[in-house]
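Reading through the structure tokens given below for one structure.
The values are calculated or read from the model by the stated rules, or taken from the named source; none is laboratory data. Predicted, not measured: the structure shown is a model, and the values here were computed from it. We place every Cβ from the backbone using ideal geometry, glycine too, and count neighbours over all the protein chains shown.
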Amino acid sequence: MKAKRSESRVESDSAKLSQSDLETFLAKGDAEACLSFFRGMSEADRRSYAKLARAALENENKGSWQETKVGDARCLQWMESKNLAAACCAALSTLSLAEIKRQSRNFIFAKSELFYAALAARKPDWLTEWAEWRLVDRPTEWWVVRRFMQEGLCLEPEGDHYVLGMIIGLCEYHETESTIYKSLLADPRAA
């Protein structure tokens, strides 16, 4: 029995060390270290860090809003926390799809590259569903969904939002050098 208790204690210490390491990466704002921390981790193990990641995301997002004074008026100004990218990586690496959707306001300023890096490494079975939702929520991120599709990580989303996102993604409204037609000719797989 004593041997089992000591083994149990070692496992527990190891788990605490891992959580401590993640807390350190989040405190330093090291997004790459957060991604590496979760690389190769099972979905069940990832989920065990969801509470910490969600709290970090909410805290860093809240801390990014700075109150400023303009004359007599007070207003909030977005000044991204240096730790927000790491918190986004940890959250995308641990939260369920339902939790990601609920936290969508906290991802509003997250870079598309973070979504790609975290979800491509994770390869969740719900990635196609996320892609469909993301195109409804932010059609400008069509290229991220397309990249997942090209790499075989998700299926083509159903519905009109993929095509609408493609129109926006192939030729953004401020584009003056190209057209949607030219973009489709350059990459026939886009259609």
Counted residues in the stretch 168-182 being surrounded by 10 or more Cβ atoms within 10 Å (Cβ to Cβ) and modelled with pLDDT of 70 or more come to 8
Cβ-Cβ under 9 Å, sequence separation 6+ or interchain: first residue in the stretch 86-115 and closer than 21 Å to Thr128 by Cβ, partner in a helix (DSSP H, G or I) and of a type in the set (Val, Ile, Thr). Which pairs? Ala91/Ile100; Leu92/Ile100; Phe107/Ile100; Ser112/Thr140; Ser112/Val144; Glu113/Val144; Phe115/Val144
Pick from the stretch 138-156 the residues that are touching a residue at least 24 places away in the same chain (Cβ under 8 Å) and within 14 Å of the chain's Cα centre (by Cα): which of them is surrounded by the most Cβ atoms within 10 Å (Cβ to Cβ)? Phe148
For the stretch 93-104, indicate whether the set of residues that are closer than 25 Å to Ser48 by Cα, not assigned by TED's automatic domain parsing to the domain that holds Glu23 and not β-branched (Val, Ile, Thr) is non-empty. no
Test Ala121 against the criterion of being touching a residue at least 60 places away in the same chain (Cβ under 8 Å), surrounded by 14 or more Cβ atoms within 10 Å (Cβ to Cβ) and not β-branched (Val, Ile, Thr), and give yes or no. yes
Of all the residues that make up the stretch 100-125, how many are at pLDDT 90 or above and of a type in the set (A, V, I, L, M, F, W, C)? 8
Among what's in the stretch 20-55 and is under 16 Å from Ala87 (Cα atoms), among the polar types (S, T, N, Q) and surrounded by fewer than 13 Cβ atoms within 10 Å (Cβ to Cβ), pick the residue that is modelled with the highest pLDDT. Thr24
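Determine whether the stretch 74-84 contains at least one residue that is crowded, with 17+ Cβ neighbours inside 10 Å and either more than 22 Å from Ser36 (Cα to Cα) or among the aliphatic types (A, V, I, L, M) (or both).
Checked against the condition, which is being crowded, with 17+ Cβ neighbours inside 10 Å and either more than 22 Å from Ser36 (Cα to Cα) or among the aliphatic types (A, V, I, L, M) (or both), the stretch 74-84 yields at least one hit.
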